[in-house]
Amino acid sequence: MNLRNRQLRLGLVVAAVLLLGGGSLGYVLQARQRELPPQQAHADASFTLAEPGLYFRDAATGRVARQPGRAAPRVSGGPSCDRFYAAGQRALCLRKLPGVPARSQALVLDRRLKEVRRVTVAGIPNRARVSASGHLLSWTTFATGDSYATSAFSTRTSILDLRTGYLVKSIEGIPLTVDGARYHSPDVNYWGVTFARDDNRFYATVSSKGSTYLVEGDLRKWSARALRKNAECPSLSPDNTRLAFKKKVSDDPGAPWRLHVIELADMREHPLAETRSVDDQAAWLDDATVGYALPGRDGRRSDIWSAPADGTGAARLMVPGGSSPVAVR
């Protein structure tokens, strides 16, 4: 066999492999899309934030639903979201778009859950928050990876100010101070923003060089400073005096965290009664109760649980098959 024939045969083999590989990849992506519930772009006309209750993402449908009370049946009809949060006069719906590379939409909704703004971002939906006034919104996506339990991930966190319409696509450029000195590192990641009532101060997680930090940010001064290590996904209480967060308590990648609450006045902390590892940005359902999602028994759908914020009592199942809890009053 001469050289030209060998090259031709080699080229045919490579082409066949690429064709088969591409077909397999396409089949996998289509199969994953078939596993997802169909997306309902808009909320039903009768489903709004006007009714009080616990709003959440229904795992069975992928749509936002409402639990009016402990014994009342859930009411469905909200938009399809992968992450959801609401406060003031606004709601935030994060929705993964089909295809590769991964992209998501951040949908800003009004009290009737009608769209008022849409932002397309890179990555997989991960965290969503709205300030108490509804003026500020923040979301985090996984740019690479899909778990905080490993070091092989990268996040992108945005902040949108609806008062001015100004969007910060990534807050990684905010000047950061650690241990009193300006901190620079190419591996800095921010995620899990939570806003104070003054619509200026915020808290978030920063990771760098294998460590995580709780940071306090100032939007007007455009600065952030680390308050302490080992605190992730903070959530500020309605009275703005405490933060719920997940603390790494184990090197087991399957169960590394435990929920804690810290008093901002003196930085004292205590664990919550929930002893299972929670990988979620907890939500304060009121000043005394924290809500969060945990994987369900089937390992796929999640359930919403709650625990007293003072560390007493016991965890309680609130909503089977739900995630992204937020109390609307």
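Going residue by residue through segment 75-90, is there one that turns out to be buried (at least 22 other Cβ atoms within 10 Å of the Cβ), touching a His at 6+ places or on another chain (Cβ under 7 Å) and not acidic (D, E)?
yes
Count, please, the residues in segment 174-188 that happen to be surrounded by 14 or more Cβ atoms within 10 Å (Cβ to Cβ) and over 28 Å from D239 (Cα atoms).
Going through segment 174-188 one residue at a time, the tally reaches 2.
Can you pull out the residues in segment 234-290 that are open to solvent by 20 Å² or more (accessible area, probe 1.4 Å), in a loop (DSSP other than H, G, I, E, B), closer than 11 Å to A309 by Cα and among the hydroxyl-bearing types (S, T, Y)?
Of everything in segment 234-290, nothing turns out to be open to solvent by 20 Å² or more (accessible area, probe 1.4 Å), in a loop (DSSP other than H, G, I, E, B), closer than 11 Å to A309 by Cα and among the hydroxyl-bearing types (S, T, Y).
Please determine whether any residue of segment 287-295 is over 17 Å from I262 (Cα atoms) and out of contact with any Phe, Trp or Tyr (no Cβ under 6 Å at 6 or more places or on another chain). Spell out the reasoning first.
The initial filter retains those residues of segment 287-295 that are over 17 Å from I262 (Cα atoms), namely 293-295.
Checking which are out of contact with any Phe, Trp or Tyr (no Cβ under 6 Å at 6 or more places or on another chain) leaves us with 293, 295.
Yes, some residue in segment 287-295 is over 17 Å from I262 (Cα atoms) and out of contact with any Phe, Trp or Tyr (no Cβ under 6 Å at 6 or more places or on another chain).
Quick grid of which residues meet (1) under 20 Å from the mean Cα position of the chain (by Cα); (2) more than 18 Å from R127 (Cα to Cα):
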{"position": "A226", "(1), (2)": "no, yes"}
{"position": "T241", "(1), (2)": "no, yes"}
{"position": "P271", "(1), (2)": "no, yes"}
{"position": "G291", "(1), (2)": "yes, no"}
{"position": "R300", "(1), (2)": "yes, yes"}
{"position": "A309", "(1), (2)": "no, yes"}
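Could you please find all residues in segment 207-223 being surrounded by fewer than 11 Cβ atoms within 10 Å (Cβ to Cβ) and either in contact (Cβ under 8 Å) with a residue 40 or more places away in the chain or assigned to a strand (DSSP E or B) (or both)?
Across segment 207-223, the qualifying residue is only G210.
With L137, L113, L107, L94 as the choices, which residue is in a loop (DSSP other than H, G, I, E, B), open to solvent by less than 20 Å² (accessible area, probe 1.4 Å) and either within 26 Å of R197 (Cβ to Cβ) or not polar (S, T, N, Q) (or both)?
Checking each option against the conditions leaves just L113.
Considering only segment 291-329, how many residues are part of a loop (DSSP other than H, G, I, E, B), within 30 Å of T48 (Cβ to Cβ) and among the basic types (K, R)?
Qualifying residue count for the region: 3.
The values are calculated or read from the model by the stated rules, or taken from the named source; none is laboratory data. All figures in this text were calculated on a predicted structure; none of them were measured in a lab. Cβ atoms come from the backbone with ideal geometry, glycine included; neighbour counts cover every protein chain shown. Please note that ligands, DNA and RNA were not included when accessible areas were found on the heavy atoms of the full protein model with its side chains. Shrake-Rupley method; radii C 1.70, N 1.55, O 1.52, S 1.80 Å.
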